[in-house]
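Participant: Structure incoming, see below.
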Amino acid sequence: MPDYGQFCPVSRGAEIFAERWTPLILRELLNGSHRFSELQIGLPRISRNLLTQRLTSLLSAGVIERRPAESGHGFSYHLTSAGQELRPVVEALGAWGYRWGGADLPTRELDPVLLMWFIRRRVQVEALPRAQTVVRFDIRRPRRSFWLRMEPPAIDLCFTDEGFEVELAVDADLAALTAVWLGRVRLADAIAAGSIRFDGDENARPRFGRWFGLSPFANGGAERVLTRAGAR
């Protein structure tokens, strides 16, 4: 960890929180990722060695703890009380970035795996039927398919076809689907433009807009977070 050599609490907090990749690791832990493999999906551009180093630093700082995995193989990582207290910091950083970090989507920042990982965690489970629902997402460029297998309360993201019957196929331009998830573009507008198309059960199409959850910072979410932060 960098050492600023100051007694200032901002300095001491920054030594732990502001190290590269650490805020994103905390984002993943706050959103329910606990296994090393889950963290890797949410942080596709970090090397295995660097992720290990950052987790070790957070363990040493008392921000996270490591527990034996419930499966009996390996470990899982969980936030301590100190780590949980960083939630409003991470949320405020995201809200500020949504509001002031720019709305453009450079091609180099688009990532279909990361987008699907975010879509999985924002599924509105209460809007789903009780029975299993499988939706296939076909991303146009780079050409790749993903399967969401949803059987409340479980939501699984599959990277290969496991043979389940697909109720709805979503053919989408990556930038358009990302913009819709971010709340920068309305789903109806993306459909009208042809950048998102549906194929499958007619009854499943109208349900899509009800269970497809947007970024927590969309639709005024960023403003609400910043307002709460300012009220403290």
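Participant: Multiply the residue separation of Glu70 and Arg122 by 0.36 nm, subtract the distance between their alpha-carbon atoms, and state the gained length in nm to one decimal.
Facilitator: Values: separation 52, 0.36 × 52 = 18.72 nm, distance 2.43 nm.
That pair, Glu70 and Arg122, stretches by 16.3 nm at full extension.
Participant: Restricting to DSSP loop positions (anything but H, G, I, E, B) with no more than 15 other Cβ atoms inside 10 Å of their own Cβ, which GluC sites (Glu not before Pro) remain in segment 119-221?
Facilitator: Glu162, Glu165, Glu202
Participant: Take Phe164, Phe118 and order them by how many other Cβ atoms sit within 10 Å, fewest up front.
Facilitator: Working: Phe164 13, Phe118 19.
Ranking Phe164, Phe118 by Cβ neighbours within 10 Å, fewest first, gives Phe164, Phe118.
Participant: In debye, nearest 20: dipole of segment 107-211 around its Cα centre with unit charges on the Cβ of K, R (+) and D, E (-)?
Facilitator: In debye, rounded to 20, segment 107-211 gives about 420.
Participant: Relative contact order of segment 14-150: what whole-number percent is it, with Cα pairs under 8 angstrom and at least 6 residues apart?
Facilitator: Details: 105 pairs, mean separation 25.1, N = 137.
Over segment 14-150, the number comes to 18 percent.
Participant: With viscosity set to 0.692 mPa s and temperature to 37 °C, compute the Stokes-Einstein D of segment 87-181, Rh being the Kirkwood radius across alpha carbon pairs; µm²/s, no decimals. Mind dumping the intermediate values first?
Facilitator: On the way: Rh = 14.8 Å.
Diffusion coefficient, whole number: 221 µm²/s.
Participant: Which value at 222 nm does the chain reach when only helices count, each DSSP H run of 4 or more adding -39,500 (n - 2.57), with the total divided by all residues and rounded to the nearest 500 deg cm²/dmol? Write down the numbers at each step before the final one.
Facilitator: Details: 11 runs with 100 residues, N = 232.
One gets -12000 deg cm²/dmol as the mean residue ellipticity at 222 nm.
Participant: Please arrange Val10, Val135 by how many other C-beta atoms lie within 10 Å of their C-beta, fewest to most.
Facilitator: Ranked by crowding around the Cβ, least crowded first: Val10, Val135.
Participant: With each label point set 7 Å from Cα along the Cα-Cβ vector, what nm distance links Glu202 and Arg141?
Facilitator: Taking the simple label geometry, Glu202 and Arg141 are separated by 3.4 nm.
Participant: At 0.36 nm per residue, minus the direct Cα-Cα distance, what do Trp21 and Phe159 gain on full extension? Give it in nm, one decimal, please.
Facilitator: Fully extending the segment from Trp21 to Phe159 adds 47.2 nm.
Participant: While we're here: Starting from the 7 Å offset along Cα-to-Cβ, what nm value, one decimal, do you get for the label separation of Ala218 and Asp189?
Facilitator: Reported label-point gap for Ala218 and Asp189 is 1.2 nm.
Participant: Mind checking which of Pro23, Pro68, Leu182 is farthest towards the positive end of the chain's charge dipole, using Cβ charges of +1 (Lys, Arg) and -1 (Asp, Glu) about the Cα centre?
Facilitator: The residue sitting farthest along the positive end of the dipole is Pro23.
Participant: Under a Cβ-only charge scheme (Lys and Arg +1, Asp and Glu -1), can you give me the dipole magnitude of the chain about the Cα centre, in debye to the nearest 20?
Facilitator: 460
Participant: Next question, about the same structure. Can you pull out the chymotrypsin sites (Phe, Trp or Tyr not before Pro) in segment 1-98 that DSSP calls coil and that have at most 14 other Cβ atoms within 10 Å? Walk me through the numbers before you get to the answer.
Facilitator: Values: sites: Tyr4, Phe7, Phe17, Trp21, Phe36, Phe75, Tyr77, Trp96, Tyr98; in loops: Tyr4, Phe7, Trp21.
Passing both the DSSP loop test and the Cβ count: Tyr4, Phe7.
Participant: Want the number for Arg12 to Thr107: 0.36 nm per residue separation, take away the alpha-carbon distance, what's left?
Facilitator: 30.6 nm
Participant: Considering only Leu26, Leu79, Leu50, give the residue with the highest GNM mean-square fluctuation for the chain, with springs between Cα atoms whenever their separation is below 10 Å.
Facilitator: Leu50
Every read-out reported here was derived from the displayed coordinates using simple, explicitly stated rules and does not represent laboratory data. The shown structure was predicted, so the numbers you read here are calculated from the model rather than taken from an experiment. Glycine also receives a Cβ, built like all others from the backbone with ideal geometry; neighbour counts cover every protein chain displayed.
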